[in-house]
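Presented below is the structure to which this report refers.
The values are calculated or read from the model by the stated rules, or taken from the named source; none is laboratory data. Predicted, not measured: the structure shown is a model, and the values here were computed from it. Counting neighbours? That spans all protein chains shown, and the Cβs are built from the backbone with ideal geometry, glycine included.
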Amino acid sequence: MKMMKSMLTALAVSVFVLSCALIAQGSTFRSFVSDTGSDGNTASDCQPAINACRTFQAAIGQTNAGGDVVALSSTGYSAFSVNKPITVEGAPGVNAFIFVGAGGTGITVTGTVNTDLIVLRNIYVDGLSNGSTTGLSFTGPAKLVVENCTFRSLTTGVSVAGTNNTTLPARMDLINSSLYSNGTAVQSSGTGANAPGNSVSTSTSMVRINGGSIAGNTVGLSGPFGA
């Protein structure tokens, strides 16, 4: 009987420790931000209505890998960074604005595992013609999907860079997005960059563009092009 009691106690302790570990990694798969939110609401997992958070960064910290962070209000949000597989998006009909100050970057994505998928959707990034601005900076090796986003009045709209051509390439799909009034719309680094049909084995940066518009920029696409 004593042995059974000891085993149950040990099991309970193990479950508690495991639960604490999971909470440390993020405690929800869906979190929210809004213009009336507060980052003090991380204790309630940035949930809708009065418990939403104010910034994407706070909500991302509360969200598990594979989850979603959703903007509920059309308003300005501060810059943020992503280093895990997650979706960050404005809800349908919502304009989630990121305004970039001089020398700043609106969104920074750092892929750590080549099987990770990161999605950015319905986000509007504006440099307001400030100097030395970047809308989106993406460094591989994760795959990044950018859908229905806008980048305007930036020194560089989107910057893509891979580390090497075998395990750390940068792979991005730019879908139905608009880039206009930028110095350079898309800047890629590495061999074979921007070339449709190039395989991961021959490129450190791969950018596929499907739909959308790249117009009115000083330079549209910049970087080495593969055959």
Single residue of the range 45-85 satisfying the filter (aromatic (Phe, Trp, Tyr) and assigned to a strand (DSSP E or B)) that is nearest to Ala142 (Cα to Cα): Phe80
Among residues of the range 203-227 being surrounded by 15 or more Cβ atoms within 10 Å (Cβ to Cβ) and in contact with a Gly (Cβ under 6 Å, 6 or more places away or on another chain), the residue modelled with the lowest pLDDT is Gly226
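Within the range 113-122, is even one residue in contact with an Asp or Glu (Cβ under 6 Å, 6 or more places away or on another chain), under 24 Å from Met172 (Cα atoms) and either surrounded by 19 or more Cβ atoms within 10 Å (Cβ to Cβ) or not small (Gly, Ala, Ser) (or both)?
Step one: of the range 113-122, the residues in contact with an Asp or Glu (Cβ under 6 Å, 6 or more places away or on another chain) are 121-122.
Filter again for under 24 Å from Met172 (Cα atoms), leaving 121-122.
Next, from what is left, pick out any that are either surrounded by 19 or more Cβ atoms within 10 Å (Cβ to Cβ) or not small (Gly, Ala, Ser) (or both): 121-122.
Looking through the range 113-122, at least one residue is in contact with an Asp or Glu (Cβ under 6 Å, 6 or more places away or on another chain), under 24 Å from Met172 (Cα atoms) and either surrounded by 19 or more Cβ atoms within 10 Å (Cβ to Cβ) or not small (Gly, Ala, Ser) (or both).
Please work out if Thr9 is at pLDDT below 90 and in a loop (DSSP other than H, G, I, E, B). Break it down stepwise before answering.
Working: at pLDDT below 90: yes; in a loop (DSSP other than H, G, I, E, B): no.
Criteria not met by Thr9.
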Kindly establish whether Val88 is out of contact with any Gly (no Cβ under 6 Å at 6 or more places or on another chain), outside the structural domain of Val33 (by TED's automatic domain parsing) and not in a loop (DSSP other than H, G, I, E, B). yes
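Can you say whether Gly101 is closer than 24 Å to Gly66 by Cα and of a type in the set (Gly, Ala, Ser), as far as the supplied structure shows? Show your work before the answer.
On the way: closer than 24 Å to Gly66 by Cα: no; of a type in the set (Gly, Ala, Ser): yes.
Against the criterion (closer than 24 Å to Gly66 by Cα and of a type in the set (Gly, Ala, Ser)), Gly101 does not qualify.
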Being in the same structural domain as Gln187 (by TED's automatic domain parsing), part of a strand (DSSP E or B) and in contact with a Pro (Cβ under 8 Å, 6 or more places away or on another chain): is that true of Ile98 here? no
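A quick yes/no check of all residues on (1) in the same structural domain as Phe99 (by TED's automatic domain parsing); (2) of a type in the set (Gly, Ala, Ser); (3) modelled with pLDDT of 85 or more; (4) in a strand (DSSP E or B):
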site	(1), (2), (3), (4)
Asn114	yes, no, no, no
Ile118	yes, no, yes, yes
Val125	yes, no, yes, yes
Gly157	yes, yes, yes, yes
Thr163	yes, no, no, no
Thr167	yes, no, no, no
Gln187	yes, no, yes, yes
Gly192	yes, yes, no, no
Asn198	yes, no, no, no
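Got at least one residue in the range 131-140 being surrounded by fewer than 18 Cβ atoms within 10 Å (Cβ to Cβ) and not β-branched (Val, Ile, Thr)?
Checked the range 131-140: at least one residue is surrounded by fewer than 18 Cβ atoms within 10 Å (Cβ to Cβ) and not β-branched (Val, Ile, Thr).
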